[in-house]
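Asks: Questions regarding the structure given below will be posed in turn.
The values are calculated or read from the model by the stated rules, or taken from the named source; none is laboratory data. Only a predicted model underlies this, so the values are computations on that prediction, with no experimental measurement involved. Counting neighbours? That spans all protein chains shown, and the Cβs are built from the backbone with ideal geometry, glycine included.
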């Protein structure tokens, strides 16, 4: 009888998810997508707190539903401990989100009729689902330890607030790379360097310099710069020549890099791409739960 009851509870939860997905598909099917600074976000280690002394919330089963655009996920059934803490061990991935992402998390309680009621009514009574509260996970609150759940119709005071906590991992989709021939000089720890003509490839936040055109059999890599450690990129004039100046701060040294292009068109393109990488890294460092200091790069391996 208990297994049958749990099956009926899970059925109600899945039906709720299907209804939400259907409404999301209708809402977003005709909206254009214009993504910038893309990344895949994964929600892990989700926990929630409910006030067990509140008779409305004093139920055995809970589920949390996450939605973003036309994607929706539901957690497994959760049962609070004696302190009202719910642990959802699921992982949910939202693919290709931009900096204006808005993930809605809604916690529901599932009220189940007593077992004897099933017997008396020949299983005609069904479990009912009620919203506990909801919260929108955005760039503004993503790093908070606790997100307060609010019911749209029943505002709660501070003492009766329920909350949700989750960890977000980031797998960035870096801006398109760039390659070309540049004159480059690297000053390491104030030791001057000479300008050399190099074949340069910028991708996934790294700037690689080669002696010759890189091929399958001969890479001829001379230097590799981590643009995710770049603190400044600007236009400067050196010996009456327009250049791009980069300042890269590593854990053991500081590098100043000068880049010289053949024409203004290439100059503007390189400078724009480099600044995009810097802005991209700065943005997603605010989101990734494993990054706690500004001088750290993203802890997740970038996606190709």
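Asks: Looking only at the stretch 261-279, decide whether some residue is surrounded by 18 or more Cβ atoms within 10 Å (Cβ to Cβ) and within 17 Å of residue 190 (Cα to Cα).
Replies: no
Asks: Let me ask something else about it. Yes or no: residue 197 over 28 Å from residue 170 (Cα atoms) and modelled with pLDDT of 85 or more? Explain how you work it out, then say what you get.
Replies: Working: over 28 Å from residue 170 (Cα atoms): yes; modelled with pLDDT of 85 or more: yes.
Answer is yes for this residue.
Asks: Starting from the stretch 149-165, take each residue that is assigned by TED's automatic domain parsing to the domain that holds residue 134 and list its partners that are surrounded by 14 or more Cβ atoms within 10 Å (Cβ to Cβ) and at pLDDT below 80, counting only C-beta distances under 6 angstrom and pairs at least six apart or across chains.
Replies: If the second residue must be surrounded by 14 or more Cβ atoms within 10 Å (Cβ to Cβ) and at pLDDT below 80, the pairs left are 160/51.
Asks: While we're here: Tally time: how many residues in the stretch 237-260 are assigned to a loop (DSSP other than H, G, I, E, B), in contact with a helix residue (DSSP H, G or I) (Cβ under 9 Å, 6 or more places away or on another chain) and either outside the structural domain of residue 201 (by TED's automatic domain parsing) or more than 13 Å from residue 186 (Cβ to Cβ) (or both)?
Replies: Of the residues in that region, 1 qualify.
Asks: Sticking with this one: Before we move on, is residue 38 at pLDDT below 85 and surrounded by 14 or more Cβ atoms within 10 Å (Cβ to Cβ)? Give the steps one after another, and end with the answer.
Replies: Numbers: at pLDDT below 85: yes; surrounded by 14 or more Cβ atoms within 10 Å (Cβ to Cβ): yes.
Yes; evaluated as a whole, the condition is true for this residue.
Asks: If you take the residues in the stretch 74-107 that are touching a helix residue (DSSP H, G or I) at 6+ places or on another chain (Cβ under 8 Å) and surrounded by fewer than 21 Cβ atoms within 10 Å (Cβ to Cβ), which one is modelled with the lowest pLDDT?
Replies: 99
Asks: Could you list, in sequence order, the residues of the stretch 182-199 that are part of a strand (DSSP E or B), over 10 Å from residue 257 (Cα atoms) and touching a residue at least 60 places away in the same chain (Cβ under 8 Å)?
Replies: Of everything in the stretch 182-199, those that are part of a strand (DSSP E or B), over 10 Å from residue 257 (Cα atoms) and touching a residue at least 60 places away in the same chain (Cβ under 8 Å) turn out to be 182, 183.
Asks: Of the residues that make up the stretch 219-232, is at least one modelled with pLDDT of 90 or more, assigned to a loop (DSSP other than H, G, I, E, B) and not assigned by TED's automatic domain parsing to the domain that holds residue 40?
Replies: no
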